[in-house]
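The values are calculated or read from the model by the stated rules, or taken from the named source; none is laboratory data. Predicted model, so just to flag it, every value in this text is computed and none were measured. Cβ: placed from backbone, ideal geometry, glycine included. Neighbour counts: every protein chain shown.
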Ligand SMILES: Nc1ncnc2c1ncn2[C@@H]1O[C@H](COP(=O)(O)OP(=O)(O)OP(=O)(O)O)[C@@H](O)[C@H]1O
Ligand SMILES: [Mg+2]
């Protein structure tokens, strides 16, 4: 484990030193610097620092209530940190921006709007013309498997379908950084696996940065380039794991690769302390 | 579904009118006419046109008062709901207004504004406005925070948040406030005609009572209730057309 941590540190140092010399090497898209967040008496995050490499998927894994949503909301610019700062492409975050899109844990759909309007709502707020935004939205509605439900209202959809509406909405605004708060939690196992594969495809094909919150260790290891394990409140990063060998292999083989299984075991070993 | 609810409405109408007819026939009181007598009186008033001239009078303060109450009530309610400072400033006024005994205020209004249209409009507004303001304000304050966050994260301006999130989210409660406010406005309009100067429908009620023409009196009262019910139904239709997904309640998770 310690050797894994070692690699990460080395990587970020090389990154600092050779950022210009090696543009193909990982550069940091989002960097969290010493962020703390208190809700009144409750210390949710304490001096948390973490770098998110561009074009890669980083998972945040940690016990319930440890502050994962809080961290995403701070990065999204929806919450002010009590201390510390967020930088995106070297610029300090002061509020929400077009470079980020959020998939909410509780979906946050408009109950009075149908699927089409919900999915295109982000574009609507950006002033995209109706026909154009509906074309784009249609594409993502199809992508998440909701074709035929364009006219349905959220109360007519199942939990998993609502979640996919939120996913399509975030994808349709074409942001560089995607903040996904347990985006597959309400999706059934078959769709979940399909979405995980789609996710890998998306990460590979588009040079976007994904911040992915999940409760599932297997899911985290399966989709991530980097896994950050958070400690319970007040939350800090306890370790950062970067799976390396199976990332390039075929999707079908990932779950059989020894490194995959090892990492799942390691993470479980370090998390089980917090589960009574 | 629609047919079933229509059937239920008809059934309840038949029950109520049947009970009225029976109570009138017993009779409960010599001043209580039967349903059929009252309907007959209503037909007479309809054919000689007197009911229309009466409504021409009554609807004036009612329409102006309800219009003002709806417009300013929702406006002030939004403001109060969005800003804590205005909440402090205005909420107590409307709470007092809602609790105030209107009959006691009428002489003061008459002293200040005379016995004309202005006083009557005031009565309608005092009846209708508070519930509209208070409902709107509480609906706005209770807009789900997660939807507002969603809007902000997708770059909604403050204006977008109000127009595209806060108002639609608050609309069911705003509309229920409107419904309550408008029914109260109807009461206010008739009350003002009974207490300030007898005009319009209030005049029919006062006059027919004074000559013991009870069927006409009840016909007038009946007609105003029917009008109120029709108007409230219309409002419900408007609401359903405007905010379709809202009528099935909220999706919280
Ligand atoms: N608005 C708030 N006011 C007060 N406390 C809050 C608020 N939001 C979150 N908290 C507290 O902050 C802590 C972290 O919450 P957060 O929602 O970030 O957890 P999480 O890691 O996303 O949990 P989960 O995995 O269950 O979604 C929790 O202990 C919670 O009680
Ligand atoms: Mg959460």
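Is there any pair linking a residue in the stretch A:95-107 that is under 13 Å from residue A:79 (Cβ atoms) and within 7 Å of another protein chain (Cβ to nearest Cβ) to one that is away from ligand 2 (no atom under 16 Å from the Cβ) and in a loop (DSSP other than H, G, I, E, B), with Cβ under 8 Å and at least six apart or on different chains, and which?
The qualifying pairs are A:96/A:77; A:96/B:154; A:96/B:155; A:102/B:154.
In the list A:54, A:126, which residue meets the criterion of being surrounded by fewer than 19 Cβ atoms within 10 Å (Cβ to Cβ), within 12 Å of chain B (Cβ to nearest Cβ) and more than 16 Å from ligand 1 (Cβ to nearest atom)?
Every option except A:126 fails the conditions.
Looking at this structure, is residue A:157 within 16 Å of ligand 1 (Cβ to nearest atom) and within 11 Å of another protein chain (Cβ to nearest Cβ)?
no
Please list, ordered by residue number, the helices (runs of 4 or more DSSP H) wholly in the stretch B:2-92 having 1 or more residues that are in contact with a helix residue (DSSP H, G or I) (Cβ under 8 Å, 6 or more places away or on another chain) and under 26 Å from residue B:192 (Cα atoms).
Where helices (runs of 4 or more DSSP H) fall fully within the stretch B:2-92 and carry at least 1 residues being in contact with a helix residue (DSSP H, G or I) (Cβ under 8 Å, 6 or more places away or on another chain) and under 26 Å from residue B:192 (Cα atoms), they are B:35-47, B:50-82.
Conditions (1) in contact with a helix residue (DSSP H, G or I) (Cβ under 7 Å, 6 or more places away or on another chain); (2) within 16 Å of ligand 2 (Cβ to nearest atom), marked per residue:
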| residue | (1), (2) |
| --- | --- |
| A:44 | yes, yes |
| A:72 | no, yes |
| A:110 | yes, no |
| A:117 | no, no |
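So which of A:61, A:78 ends up being touching a residue at least 60 places away in the same chain (Cβ under 8 Å), within 15 Å of ligand 1 (Cβ to nearest atom) and touching a helix residue (DSSP H, G or I) at 6+ places or on another chain (Cβ under 9 Å)?
Going through A:61, A:78 in turn, the sole match is A:61.
Can you name the number of the only condition in (1) part of a helix (DSSP H, G or I); (2) surrounded by fewer than 20 Cβ atoms within 10 Å (Cβ to Cβ); (3) more than 13 Å from chain A (Cβ to nearest Cβ) that residue B:172 fails?
(3)
Quick check: anything in the stretch A:214-228 outside the structural domain of residue A:151 (by TED's automatic domain parsing), within 16 Å of ligand 1 (Cβ to nearest atom), part of a helix (DSSP H, G or I) and surrounded by fewer than 23 Cβ atoms within 10 Å (Cβ to Cβ)?
Within the stretch A:214-228 (the criterion being outside the structural domain of residue A:151 (by TED's automatic domain parsing), within 16 Å of ligand 1 (Cβ to nearest atom), part of a helix (DSSP H, G or I) and surrounded by fewer than 23 Cβ atoms within 10 Å (Cβ to Cβ)), the answer is yes, since at least one residue qualifies.
Filter the stretch A:28-42 down to residues that are part of a strand (DSSP E or B), away from ligand 2 (no atom under 16 Å from the Cβ) and exposed (fewer than 15 other Cβ atoms within 10 Å of the Cβ), then give me how many there are.
2
Please tell me if residue A:68 is at the interface with chain B (Cβ under 9 Å from one of its Cβ atoms) and within 16 Å of ligand 1 (Cβ to nearest atom).
It is false that residue A:68 is at the interface with chain B (Cβ under 9 Å from one of its Cβ atoms) and within 16 Å of ligand 1 (Cβ to nearest atom).
List the helices (runs of 4 or more DSSP H) that sit entirely inside the stretch A:58-147 and contain at least 2 residues that are under 25 Å from residue A:238 (Cβ atoms).
A:68-76
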